[in-house]
Amino acid sequence: MLRAGPLSTPEVMEVLGRDYVTAWVLGRNLPIIAAEAGDPHVRALAVRAHQSYLRPVDSQIYSPAGELLDHTCANAILSGEESYLELLEAPRREKQGEPAPSGVSEGARSAQRGG
């Protein structure tokens with residue numbers, strides 16, 4: 001549903017293509033990747049992704065250095081509670097010191113993350 005819905009809008013596709021390298025990884029595979037990957041950076045990233053994973057599907061955004069910048073449960077995006085485009089643009093806005101749009105519910109996202 002994400003690929004046919006929120007991920008398929010022209011604005012989201014532009015930001016994904018311009019600013020990100022995208023990958024789909026099943027949550028259940030993260031412990032296997034963490035244990036078996038030959039590259040220590042891949043193992044560390046898999047551990048971080050698994051530790052913060054929100055079920056059933058988690059959209060995670062990482063810096064080029066492997067730092068988790070933001071993430072949200074896909075259910076929040078599908079329900080319209082959060083905008084995928086706003087999630088993608090949050091790291092850029094934060095870096096430039098711009099405030100989040102008024103429609104972004106940081107409290108809801110923080111509660112989902114357990115924060």
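The values are calculated or read from the model by the stated rules, or taken from the named source; none is laboratory data. Nothing here was measured: the structure is a model prediction, and the numbers come from that model. Glycine also receives a Cβ, built like all others from the backbone with ideal geometry; neighbour counts cover every protein chain displayed.
Residues being loosely packed, with under 15 Cβ neighbours inside 10 Å and among the small types (Gly, Ala, Ser): count how many of those fall in region 38-55. The total comes to 3. Of everything in region 56-112 that is among the basic types (Lys, Arg) and surrounded by 14 or more Cβ atoms within 10 Å (Cβ to Cβ), the residue that is modelled with the lowest pLDDT is Arg109. Restrict the check to region 37-46 and report whether at least one residue is under 14 Å from the mean Cα position of the chain (by Cα) and modelled with pLDDT of 80 or more. Yes, some residue in region 37-46 is under 14 Å from the mean Cα position of the chain (by Cα) and modelled with pLDDT of 80 or more.
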